[in-house]
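The values are calculated or read from the model by the stated rules, or taken from the named source; none is laboratory data. In this text the structure is predicted, and so the values were computed from the model without any measurement. Cβ coordinates were reconstructed from backbone atoms using ideal geometry, including for glycine residues, and neighbour counts include every protein chain displayed.
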Amino acid sequence: MVFDYMDHDLTGILNHPTFRLEPAHIKHLAHQFFDALHYLHHRGVLHRDIKGSNILLNNDGNLKIADFGLARFYTKNSKKELDYTNRIITLWYRPPEILLGATAYGPAVDMWSAACVFIELFTRVPAFVGRTEIDQLDVIYDVLGKPTEKVWPALKQMPWYSLLRTSGLNRRNRFRAKYEKYVPSLLCPIELALTTRLRQIPPSALDLITKLLQYDPDKRPTAEDCLTHEYFSEDPPSAPPIG
């Protein structure tokens, strides 16, 4: 098999000490990323291992999703999701339903991973860094709060719910508090000057990330929904990161 040559992977670009992605570059890459996910899901394919090192870039700013070793077909528009393995997705990008043992799932598992990658485009660091599955849940709960049946009706139906109930009752969602330091409209001039080296997150992008990181998979936007979000229609217009 012969493929296009891609010069970099996204993780390598984000870890580069001097290369900077401008807001227009991030928007351009994010649009390609969600467009590629939309294509996959429209064709009935679950990737099941979305992460920075599986997203390739070339020097013309083109983006491609790679590594389909864990990918599987699924039945679109079926009321019943197929039964799959839950031994999928690199730990830091694994959604809570998979951590809680779900084996019936759809494209929403890729969308949680996509949100984690989208955050990294701005912050350059992974959003949820756990050591084990239980620790990963703890890290997620610490940022997003502990889920309840009110926000996730199927929570207690998860196969490993009784086994992996982690500590910390009544943890509150502190996601916005954690990422407000990256939002320029929420910073005073002095704070803004001190954070010029950070990838500032526009409020619209933070809104999209918040919607993608919902505990209930049924409430997460699809990749097609993401492409129509206001983030992609507001200024600045997207531009490819050349070179």
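Residues that are surrounded by 19 or more Cβ atoms within 10 Å (Cβ to Cβ), out of contact with any Pro (no Cβ under 7 Å at 6 or more places or on another chain) and not aliphatic (A, V, I, L, M) within region 33-68 comprise 33, 34, 47, 48, 49, 51, 52, 54, listed in sequence order.
Take the residues of region 29-81 that are among the acidic types (Asp, Glu) and in a loop (DSSP other than H, G, I, E, B): which is nearest to residue 8 (Cα to Cα)?
Per the criteria, the residue is 60.
Between 55, 50, which is more than 25 Å from residue 158 (Cβ to Cβ) and of a type in the set (Val, Ile, Thr)? Just a single option satisfies the conditions, and that option is 55. Residue pairs whose Cβ atoms lie under 8 Å apart, separated by 6 or more positions or on different chains, with the first residue in region 56-72 and within 18 Å of residue 84 (Cβ to Cβ) and the second of a type in the set (S, T, N, Q) and surrounded by 15 or more Cβ atoms within 10 Å (Cβ to Cβ), are 67/54.
The condition of being farther than 18 Å from residue 160 by Cα, surrounded by fewer than 20 Cβ atoms within 10 Å (Cβ to Cβ) and either at pLDDT 95 or above or aromatic (Phe, Trp, Tyr) (or both) holds for only one of 71, 108, 115, 127, that being 71. Just one of the listed residues (162, 204) is farther than 16 Å from residue 30 by Cβ and either surrounded by fewer than 20 Cβ atoms within 10 Å (Cβ to Cβ) or modelled with pLDDT under 95 (or both), and it is 162. Residue count for region 130-160, restricted to those that are free of Cβ contacts under 8 Å to residues at least 60 places away in the same chain, touching a helix residue (DSSP H, G or I) at 6+ places or on another chain (Cβ under 6 Å) and outside any helix (DSSP H, G or I): 2. Within the option set 18, 103, being surrounded by fewer than 19 Cβ atoms within 10 Å (Cβ to Cβ), of a type in the set (Val, Ile, Thr) and more than 29 Å from residue 133 (Cβ to Cβ) holds for one residue only, 18.
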